[in-house]
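Notes follow the structure.
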Amino acid sequence: MDKNIKILIVDDFSTMRRIIKNLLRDLGFTNTHEADDGATALPMLQSGGFQFVVTDWNMPIMQGIDLLKEIRKDPKLKALPVLMVTAEAKREQIIEAAKAGVNGYIVKPFTAATLKAKLDKIFERFE
Amino acid sequence: MDDLVQAPLVTLADAVELVDLLEAGSQDEADQKVLDLAKKAIGNPDYNFSVEVYNKVGELTRDLHDAISDFASDERIKTIADFEIPDASERLKNIISMTDQAANRTLDAVDACAPLATTLMELIANLLPAWKSLMHGKIDRFDFVTLCHKIDDLISQTQINATRLSSQLNEIVLAQDYQDLTGQMIQRVIKLVTEVEDKLVNFLVVCSPNRKTGVRPPQEKTEHGSLKAEGPSLARERDSGEAASSQGDVDDLLASLGF
């Protein structure tokens, strides 16, 4: 697995971005960037270079689920792996995310081991 | 109510006449016919229901009027609206910033500890080969002196770093005081919300004596038509199976969808 891939972390709470950034760093991924909602994230992704997205669901302006749908609609971004890390745990929400093409779904609060397991699974599929 | 059937309110002849008028396009005359029938019924002493209806409407109007004026003149409600709700919003905002500070304080402390652990690992890795030689009794005098210097380095470096580590751990402990402080603020807000809820329920009971417990509205959608986020789930939702209660549940659900 290429540990230098460019990762975008999307969450409106800076501490959660920091936690995810730290966990990713511990797993060897140091090329991480941050956005505080879907509307900020989308232009960053469109400007190119990102190979992985970790996003929250509950954010102002553009929610994570809508960001995911926008990514899947965009011909240049549609193959980008998206991991959702969210407190949203309703069955219908998880089903909606799956239908929208999410690559992994982690419910908060989560552990470093869960994050690692999901990343491994996603990259296994992409390699 | 038996006397209601003594004379019919409307006869077949009335109905036929009404249909004829409507078919002929005489809307005004048809309307007049309906009014005449209604007047006849209200004026008929056999039909005393109108009095009942008037009384009931009057009673409801008085109750509603009383409820509104009680509600409007309740000093407590004025205090709640003018001061306590704004205070509660302020408290909730405070909670966000306090938890934010606490999380950052903790993360800062962890960031400060991480290089201490790295230094320790590096120092040990650095002296390990010479140390192993010593343990196996295969070390020359020169290497032994070098090893002693390395161990000396490790001791002095670790002594300083252990003090730093201990103070950072202390910092992490102190950062947890937010739990107590935000807990107290949240309890005040809950108390206020409960009081407002009670007052609103009283008001609703007066307005609608047969009020049934409401049905939860369906989940809201975003402007893009996706389900709106609701934040962390409640125990009620997890117990009913509406929300996943663990990562295992989420994985099972996704697996059942062929994920």
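At-a-glance table
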read-out: Subset of the stretch A:104-114 (residues that are more than 7 Å from chain B (Cβ to nearest Cβ) and not aliphatic (A, V, I, L, M)); value: A:Gly104, A:Lys108, A:Pro109, A:Thr111
read-out: Every pair of residues 6+ apart whose Cβ atoms lie under 9 Å, when the first sits in the stretch A:108-123 and is closer than 21 Å to B:Pro232 by Cβ while the second is among the acidic types (Asp, Glu) and part of a helix (DSSP H, G or I); value: A:Ala112/A:Asp26
read-out: A:Lys76 being in a loop (DSSP other than H, G, I, E, B), out of contact with any helix residue (DSSP H, G or I) (no Cβ under 6 Å at 6 or more places or on another chain) and among the basic types (Lys, Arg); value: yes
read-out: Which numbered condition B:Ser233 misses (of (1) more than 30 Å from A:Gly101 (Cβ to Cβ); (2) of a type outside the set (A, V, I, L, M, F, W, C); (3) in a loop (DSSP other than H, G, I, E, B); (4) within 14 Å of chain A (Cβ to nearest Cβ)); value: (1)
read-out: Single residue of the stretch B:238-259 satisfying the filter (more than 7 Å from chain A (Cβ to nearest Cβ) and among the charged types (D, E, K, R)) that is farthest from A:Ala112 (Cα to Cα); value: B:Asp239
read-out: Complete set of residues in the stretch A:15-69 that are within 12 Å of another protein chain (Cβ to nearest Cβ), out of contact with any Ser or Thr (no Cβ under 9 Å at 6 or more places or on another chain) and not in a helix (DSSP H, G or I); value: A:Asp37, A:Met59, A:Pro60
read-out: Number of the condition not met by B:Phe83 [criteria: (1) of a type outside the set (S, T, N, Q); (2) modelled with pLDDT of 85 or more; (3) part of a helix (DSSP H, G or I); (4) farther than 30 Å from B:Val193 by Cβ]; value: (4)
read-out: Residues (among the charged types (D, E, K, R), surrounded by 10 or more Cβ atoms within 10 Å (Cβ to Cβ) and within 17 Å of the chain's Cα centre (by Cα)) located in the stretch B:221-255; value: B:Lys221, B:Lys228, B:Glu230, B:Glu237, B:Arg238, B:Asp239, B:Glu242
read-out: Flag if B:Glu195 is at pLDDT 90 or above and acidic (Asp, Glu); value: yes
read-out: Filter pass, B:Val110 being among the hydrophobic types (A, V, I, L, M, F, W, C), out of contact with any helix residue (DSSP H, G or I) (no Cβ under 6 Å at 6 or more places or on another chain) and surrounded by 11 or more Cβ atoms within 10 Å (Cβ to Cβ); value: yes
read-out: Condition check for A:Lys121: more than 9 Å from chain B (Cβ to nearest Cβ) and either crowded, with 22+ Cβ neighbours inside 10 Å or under 11 Å from B:Phe259 (Cβ atoms) (or both); value: yes
read-out: Test: residue in the stretch A:20-31 that is charged (D, E, K, R), at pLDDT below 95 and more than 14 Å from the chain's Cα centre (by Cα); value: yes
read-out: The stretch A:89-103 residues that are more than 7 Å from every other protein chain (Cβ to nearest Cβ) and more than 17 Å from B:Ser240 (Cα to Cα), paired with ones that are part of a helix (DSSP H, G or I) and charged (D, E, K, R) (beta carbon under 6 Å, 6 or more apart); value: A:Ala100/A:Lys69; A:Gly101/A:Arg72
read-out: Near pairs, Cβ below 8 angstrom, 6+ apart or cross-chain, from the stretch B:80-109 (within 14 Å of chain A (Cβ to nearest Cβ)) to any residue that is basic (Lys, Arg); value: B:Ala103/A:Arg18; B:Asn104/A:Arg18; B:Leu107/A:Arg18
read-out: Residues being surrounded by fewer than 11 Cβ atoms within 10 Å (Cβ to Cβ) and β-branched (Val, Ile, Thr) - total across the stretch B:174-185; value: 0
read-out: Of the criteria (1) more than 12 Å from chain A (Cβ to nearest Cβ); (2) in a helix (DSSP H, G or I); (3) surrounded by fewer than 13 Cβ atoms within 10 Å (Cβ to Cβ); (4) not hydroxyl-bearing (Ser, Thr, Tyr), which one B:Arg188 fails; value: (3)
read-out: Filtered residue count, the stretch A:81-109, keeping only those that are in a loop (DSSP other than H, G, I, E, B) and under 10 Å from the mean Cα position of the chain (by Cα); value: 3
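To keep it simple, each residue is scored yes or no on (1) part of a helix (DSSP H, G or I); (2) small (Gly, Ala, Ser); (3) surrounded by 12 or more Cβ atoms within 10 Å (Cβ to Cβ).
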site	(1), (2), (3)
B:Ala117	yes, yes, no
B:Ala130	yes, yes, yes
B:Ser133	yes, yes, yes
B:Leu147	yes, no, yes
B:Asp152	yes, no, no
B:Ser156	yes, yes, no
B:Gln168	yes, no, yes
B:Glu171	yes, no, yes
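The values are calculated or read from the model by the stated rules, or taken from the named source; none is laboratory data. These figures come from a predicted structure and were not determined experimentally. Glycine gets a Cβ as well: all are built from the backbone with ideal geometry, and neighbour counts include every protein chain shown.
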